[in-house]
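Just below is one structure, and these are the notes that go with it.
Computed from the coordinates by the stated procedures, all read-outs in this text should not be read as laboratory data. As the structure is a prediction and not an experimental result, all values here were calculated from the model. We place every Cβ from the backbone using ideal geometry, glycine too, and count neighbours over all the protein chains shown.
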Amino acid sequence: MPKPRDPRNPKDAYAAARRDIDRLMGWLTTRLDEHGGTDFGDKDWADVGDLRKVRSDLCQTLAFIANVETVDIERMLTPRK
């Protein structure tokens with residue numbers, strides 16, 4: 001993957017990184033819709049594995065940016081009884 005261009009100051013570098021992340025989030029939504037959207041009738045275990053991998057990576061990313069442990073993010077996703 002090519003290295004993003006590095007502007008000369010942190011303000012511009014931050015803004016560029018943020019724009020990239022916003023675009024990536026949009027692409028993620030599009031890819032999830034293309035992967036199956038909300039029609040779960042014809043899914044198999046490979047499809048489940050795909051989404052579990054994405055979920056895991058998102059939990060790790062969110063934990064990093066929020067400065068918490070991944071388990072804390074996963075705990076928030078688990079329904080309470």
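Observations
- Residue with peak Gaussian network fluctuation, the chain [Cα springs, cutoff 10 Å], from Arg19, Arg52, Arg31: Arg19
- Contour excess over end-to-end distance, with Cα ends at Tyr14 and Asp57 and 0.36 nm allotted per residue: 13.3 nm
- Each of Met76, Cys59, Tyr14 was placed along the dipole of the chain (beta-carbon charges, centred on the mean Cα), and the one lying farthest toward the positive end is Tyr14.
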